[in-house]
Each structure stands twice: as C-alpha cells, then as structure tokens.
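Heads up: the structure comes next, in structure tokens.
Derivation of every value follows stated rules applied to the coordinates shown; laboratory data play no part. Everything numeric in this text was worked out from a predicted model, so none of it was measured. We place every Cβ from the backbone using ideal geometry, glycine too, and count neighbours over all the protein chains shown.
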Ligand code: ADP
Ligand code: MG
C-alpha cells in the first residue's frame, strides 16, 4: 500500500455561522493524482486554502509526512510554512506579477526563502538546501528557469514578460514556481477552467510527467470527463462534506454526478432547431465590420460581421479574454471606441439606455460592477430594469403589492438564497447575485438577450434552470446571443455556433461535432481557413 503524504482528519472551517468545510477526512498518497470533485460552492477551494495555510481550520488536524518519512502535524500559519513542507498551490486566479519576466517571477517565489531554510532548485536542475538568504542575479534566475523548464518539459521563454503570455503559458509559470521550491504536493485549483481542449491535453501530459517524477497532485475540477481521464482516485465534496472516496472508474460519470448534487441530473433537451425566422431572414441583431478597441486601445474585436435571428440561440465559444467582453459591451452601447455598424431590430441605438429600450436584455460577465447594485435590496435589484417598473406602474403609481409579489415569485422561481426580499444584494453569495441578474433579465423576455457566461458560479440545478430559460426564449421566437467559455454549454444550447479568438469571429456551426477543430479555432491556431492546416499541430 502506498503511504499517505498528507492526511486531513475531521477538518472543519466555518465562516461566521456558515460551515464551508464540514468534518472532512482526506488522504493523499505519494505519487497519485487525486481529484476533488464538487459543484460550485462545495468547499473545494476552502479545503485547499486550509492545506496551503491561507486559512486555519476551525477544528480538526492536518498531518504531513516529510521527505525523511517523519509524520507530523502541520500548523501552517501562512503559505510560507506550507511551501517549506513541500506543498505548492496553483490558484484558480493566477498570482503572477504581470510586469515582470518569467525568470523574475520564479526568482520572486524563490526569494520568499530569504529568511529560512528550504529545498529548492539549483542552476543545474537538481535540488539542494538553501540556508539563510537566497540571493539571485538576473542571469542566475534565467539559468534556474531554463534548468527547471528542461527537467520537467515545461517550455517557456524565461525573458518574456508574463503580461504577454497566453493563459496556458501563465499556468505553466505558476507550476514552475511551485517546482522551483520542490513542491512534492501540488494543489491545482480548477486548472483547466482557462484552457482550450488542446491545452488541456498538453496540460495532462505535464501532470503525468510530474506524477512519474514522484509528485502527488490534487486536481480540482467540476468537469467529470477530465477527472475520469486524469485521476487515480476521486473524492467528492457536497455542501462542505466528503460524500465519496474511491478509485477512478469505480463509479460512472452519472453516478459521480449524483454524488455531487445529491440527486439524478437530467440535462435540458434541445428540440430540433425551431424553424428560423422568415424569408428574408428576420434579423434581430446585425453586426457589420465591427471593430472595437479595448481598454488599452488595442484591437479587441476585429472586423466582426454576424447576425442573429428570431428563434435561435447563437453561441460564441472561446477562451476568456479574446474580445468576448468587448463585443458584448459594444452591442450594449457601453463602448464608444468602435467602428462599423450595430443594428438592433433595424435601428442603430446609441448608448445603453437606447439599446435597452429597443428590447435588449443583458447578463454581463462582471456582475459585481454592472449586474447588481450591492447596496440595493434583492427586490430593488430584481426590478431595477425600467421595463419591469413600467409593468408595475399604473398612472405613475407603483403597485407595491404587485412589486412584492413579482419579486417573491422570481426569488422562488430562481431559488435565490436566502429567500429574503429586502436584504441587501451585497449579503448574497456570488452565485445568488448572479441568479438575481438572470431572473431580472430573462423574465422580461427581451427580443434579444445577450448572455455572457450566464451560469458561471451557479450550481448544477441553477445552471439547468438558466439553460431551460434560454431555450424558452428561443422557442418563443426571441433571439439569444450566448457568449460562454464553457464549450459544453455552448454546444448544448446553440443553433448556430461561432468561435471567438483574438478578436476574430469564425462561424463553426459545421464543426460542432469536431472538438479537435473547435479547440484549434479557440486557440487561434487556424484563423482563416477551416479546411487548411488543421493537421499541422
Ligand atoms: P468551491 O471552490 O467548491 O466552489 P469554495 O470553497 O470557494 O467552493 O466555497 C465554499 C462556500 O464557502 C461557498 O458557499 C462560499 O460562498 C463560502 N466561502 C468561501 N470563502 C469564504 C469566506 N472567506 N467568507 C465567507 N464565506 C466563504
Ligand atoms: Mg473554487
């Protein structure tokens, strides 16, 4: 039997009255890839932050076994302590200094040992103990980075500014940072969320290499397919509790899903494409040669032409940060650095108010700044939209009873928790704030709905409810533009499919069953011609 190098016994973490991690036992064996599966809010990140010393357990104990096989209780006061025992973590959101080079970022991570004793990489790629201060010079940092890259097959140019790297490469730098200090236990928190299908494959190759090198990996994900492909064992968390532990393959994907959410899932069914529009096509949205500049005056959306018609969901897939946000904001009248034309129901409204009055609903990517007003109550946020207020107003008098009823109905329908209408939106979790935005925008049944990552942060049931509502919009001959980084979601819902990559929009409806090609399009490998050059990589 393999030895445990990390053990959690009865670990609990509470935030106020809320139990985020509830008496969890967890074991990590040397050399295994152990997946932690759980829907959003299950407590995965919290559990990892406890191991990494960012949080401290409210109860329970954590044990590690060190290189010399000594088992002792870990009381990490900070990540520094966790790192010194050989634990490395790559967070859901990267922790790199964008304006430094790759080598400088690695050096920074090594520099955290200035005051201590630690094992870390030397210039020839082997590990050694460093005592006292760890000083580095620029060329030394570059040599160390090169040695690391070579040893683990993680190629990245040491002198490049992190800012200019793709997300996939940034992640590589994060892993190198952990390896630079010889992490024997690598915690990867939703590492594939930001990657395209091809990048995921490359990433898995790296994980297997690290595993072969004797390192143990905790792989966190809510994507079943990936977990089944890469892991040796699976722990499932549900609402803070460990509900399952077993070898990969013991349960089917469906059985695991049931463990995750506690009941059988049934995904929405998309009926055959509702016969679209009329002849000539009934375009709700028409973009012609739209170019939009981003926040740093770079070309974020490049010469985009497309249309979306009544009775269809047009999906735009793509990895985060390829111009999707700027595209949505331009359509909503929130971006003025744009050229080309945006036509909505035959008009060219200017500014968000005019766009909304044209009958456009908007589920923005960033709910914190544009989705909800934190200080307003749940009710006020639900009814914020002018159209809602019009419906509830008769001869300029707001019908208070109907206002309350409408809000309470939406709270029930969308399972907004806690179900308290007059609590400020700021006191709700991110997922529940998202439900407010979705309830408000969808319940108006706008002619055109722009939805950007509408189910991000939602649990499985809430996500399914949103999917059903988007389909209902389409079946009522409305038009939905669904922009999402979740390829599965786009494939499930859309009648026509585009991929957005580096500001360009490519129609890919005919490639919808070909994940390979879609992945290549998403990484920008093939911009212009679908039939060309796909077999090169
Ligand atoms: P997961 O990573 O599985 O999606 P998290 O561990 O991030 O879930 O969160 C678990 C629960 O704990 C969520 O309901 C979240 O809102 C809550 N939570 C996480 N961090 C904090 C915190 N610092 N304060 C209060 N609640 C928190
Ligand atoms: Mg998380």
Give me the distance in nm between label points sitting 7 Å out from Cα along the Cα-to-Cβ direction at residue 63 and residue 160, one decimal.
-> 4.4
Helix 430-442: angle to the longest alpha-carbon principal axis of the chain, degrees 0 to 90, nearest 10?
-> 20
Could you tell me, in Å, what Rg and Dmax come out for the Cα atoms of the range 1-90?
-> 12.8, 40
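For the range 412-506, compute the orientation-averaged projected area of the C-alpha convex hull (one quarter of its surface), in nm². Each step should come with its number before you reach the end.
Working: hull surface 27.5 nm².
For the range 412-506, averaging the hull's shadow over all directions gives 6.9 nm².
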Write down the radius of gyration of the range 278-343 and its Dmax, each obtained from C-alpha positions, in Å.
-> 12.4, 42
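With Rg and the Kirkwood Rh both taken from Cα atoms, where does Rg over Rh land for the range 172-254? Walk me through the numbers on the way to the answer.
Working: Rg = 13.3 Å, Rh = 13.8 Å.
Rg/Rh for the range 172-254 comes to 0.96.
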Once the Cβ-Cβ distance between residue 229 and residue 92 is put in as r, and R0 is 22 Å, what FRET efficiency do you end up with, to the nearest 0.05?
-> 0.65
Would you mind ranking 73, 440, 238 so that the residue whose beta carbon has the fewest other beta carbons within 10 Å leads the list?
-> 73, 238, 440
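Go ahead and estimate [θ] at 222 nm for the chain from helices alone: -39,500 (n - 2.57) per DSSP H run with n ≥ 4, summed, over the residue count, rounded to 500. Write down the numbers at each step before the final one.
Numbers: 17 runs with 169 residues, N = 537.
Computed mean residue ellipticity for the chain: -9000 deg cm²/dmol.
Length gain on complete extension for the stretch residue 509 to residue 296, per 0.36 nm per residue less the alpha carbon to alpha carbon distance?
Numbers: separation 213, 0.36 × 213 = 76.68 nm, distance 3.20 nm.
Full extension of this stretch gives 73.5 nm more.
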Using the C-alpha gyration tensor of the chain, what are the square roots of 5 times its eigenvalues, in whole angstrom, with the largest one first?
-> 43, 28, 22
Kindly express, to the nearest 10 degrees and within the range 0 to 90, the angle between helix 167-180's C-alpha long axis and the longest C-alpha principal axis of the chain.
-> 20
At residue 75 and residue 468, where each label point lies 7 Å from the Cα along Cα→Cβ, what is the point-to-point distance in nanometres?
-> 5.1
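Got a sec? How would 223, 353, 435 order by Cβ neighbour count within 10 Å, fewest to most? Kindly include the intermediate steps, with their values, before the conclusion.
Numbers: 223 16, 353 11, 435 27.
Fewest to most other Cβ atoms nearby, the residues stand as 353, 223, 435.
Can you sort 195, 293 from fewest to most other Cβ atoms within 10 Å of each residue's own Cβ? Mind dumping the intermediate values first?
On the way: 195 22, 293 17.
Starting with the residue having the fewest Cβ neighbours, the order is 293, 195.
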Cα axis of helix 460-475 to longest principal axis of the chain: angle in degrees, 0 to 90, nearest 10?
-> 30
Determine the relative contact order of the chain: mean sequence separation of Cα pairs under 8 Å and six or more apart, normalised by residue count, in whole percent.
-> 14
